[in-house]
Amino acid sequence: MLNTLIKPINRLFISLAVIVLSCPVGAFAAEQAVLIGGDKPWWYWPIILFVFCLVLGVLAVMAGVGGGVLYVPLVSGFFPFHIDFVRGVGLMVALAGALAAGPGLLRRNLANLRLALPVALIASAFSIIGAMLGLYLSALNPDLIQTCLGATIVGIAALLIFSKNSEKPVVTKQDAIGMALGLGGVYWDEGARESVEWKTHRTLLGMFMFIIIGLLAGMFGLGAGWANVPVLNLVMGAPLKVSVATSKFLLSITDTSAAWIYMNRGCVIPLIGIPSIVGLMLGSLVGVKLLAIAKPKMIRYFVIVVLLFAGLKAMDKGLGLGLLG
Amino acid sequence: MAEQENLGQRASQEQIIYANILVVGVWIGIALMFLTYFIYLSGLMPSHVDIGLISKSWGLGVNEYLEVTHSPNGWGWVYLLKKGDFLNYLGFAWLALMTIVCYMVLVKGFIAKKEWVYSGIAILEILVLSLAASGLLGSGGH
């Protein structure tokens, strides 16, 4: 029933996207091919950005990473937008993706509200501080934030290479905080056709790590799935499926607070924001379909290489070395 | 599925309500973004900032950009909703308000169940998100 409803909605969604996003070309190309700044009319970059985000959305889904973590370093490295706007839009992109994924994950009980709520409070409070600090630093010197972003992205790529997530971590004894908060549950593993019971440990350490995650997410405008998952899974001992789903849901809360700071500061330009959000969402839909026939492992390695390059490029740009063009 | 239900792994009631509000909210938000962007680009409503000026200025830092384009910060966009470009903020704000609305439903559910710790956490989260949304933080400096 739901599928029969979703299919026409998807079709309508895609048709509308084509109409809306081709509108600038049709309506203005003839009369407004005014050369602006260098040699590009105003609609040139938004269209390139839309196509770029479409591809990014496909890759992000297949590589199992969030759109924001790819969007910020790549767009700040290769597009003419100031990093303030890239971070603001990056958060909106991550927020839109997380909000769209949230209902399905909650209904299937994969994203766990009890696990998400306490850590979301910590991460969202600190993402506000991170956002304010990031905006302050980029007002002082944008190169500083670009360099730090590059270093963070290289670190994320390393984390993706070396961290070995555990499908079902063994938690022998739950700690007092985890027990008091009722951090545990049962979910149905469709693949293994079994019911999986789980609980957490090292809750305090995990919560402390969400302070750092919040700060980084706010400062650089990155979705923080790359950090949420290892902390929930490897530190706190939540099963991988629960960690991935709860992380995605968590982003909708963490990114909301940071996104408001950037939006109130004026860092979200609709001309950049809407093609990015729509491109990534459509790309994600295509990515989910392609997932069945593609080789996600190869794509994951490809994305890690892209992340490494994007991180090095951001560092290169921030330090003004000019080694990578 | 029956097996799943028997084992008591179904999502809690508040989780389902949260998901239901979210799914409706997200689709409204996306539709709003499409509609407002269409109005903006088609020129059905005049823009506050000339579109050519935006593309000339998007390489500037946000402080300079706001100055050059005479754009407001904080909730100043609400006063410019008659302008096609600022109309787009309706969609952004809608999406960013969704979590606060969902949390309000959660608080009600937790209080009804007398789950005071989670009620407190959810109320604190609403305060944090409302503070971020209020514009009291980080919208100065223009």
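Here are a few things to note about the model shown:
- Whole-number D in µm²/s for chain B (Stokes-Einstein; Kirkwood sum over Cα pairs; 20 °C, 1.002 mPa s): 118 µm²/s
- Cα centroids of region B:62-105 and region A:75-112: 17 Å apart.
- The alpha-carbon of A:K168 sits under 25 angstrom from the alpha-carbons of these lysines, leaving out residues fewer than 8 places away in its chain: A:K199, A:K241, A:K248, A:K295, A:K297.
- Positive-pole candidate from A:V196, B:Y18, A:M281, dipole of the protein assembly as shown, charges at beta carbon: A:V196
- Ignoring lysines fewer than eight residues from A:K317 along the same chain, the ones with Cα atoms less than 25 angstrom from its Cα are A:K40, B:K56.
- Rounded to the nearest 500, the helix-only mean residue ellipticity at 222 nm of chain A stands at -24500 deg cm²/dmol, with each DSSP H run of n ≥ 4 adding -39,500 (n - 2.57).
- When Rg and the Kirkwood Rh are both derived from Cα coordinates, the Rg/Rh ratio for the protein assembly as shown amounts to 0.96.
- Shown is the FRET efficiency for B:S42 and A:F78, computed with R0 = 30 Å from the Cβ-Cβ distance and rounded to the nearest 0.05: 0.55.
- Surrounding net charge for A:G185, when Lys and Arg each add one and Asp and Glu each subtract one, Cβ distance under 12 Å: +3
- Taking the helices alone, chain B has a mean residue ellipticity at 222 nm of -22000 deg cm²/dmol, built from -39,500 (n - 2.57) per DSSP H run of at least 4 residues and averaged over all its residues.
- About the centre of its Cα atoms, region A:49-318 shows a dipole size close to 440 debye [charges on the beta carbon of Lys, Arg (+1) and Asp, Glu (-1) only; nearest 20 debye].
- Using a Förster distance of 30 Å, the FRET efficiency for B:V105-A:V55 (Cβ separation, nearest 0.05): 0.25
- Between the beta carbons of A:V186 and B:D50, assuming R0 = 51 Å, the FRET efficiency works out to 0.30 to the nearest 0.05.
- Each other residue within a Cβ distance under 13 Å of A:A96 adds +1 if Lys or Arg and -1 if Asp or Glu, for a net charge of 0.
Read-outs: derived from the displayed coordinates by stated rules, not from any lab. Small disclaimer: the values here were computed from a predicted structure and weren't measured. Here Cβ is always computed from backbone atoms with ideal geometry, including for glycine, and neighbour counts include all displayed protein chains.
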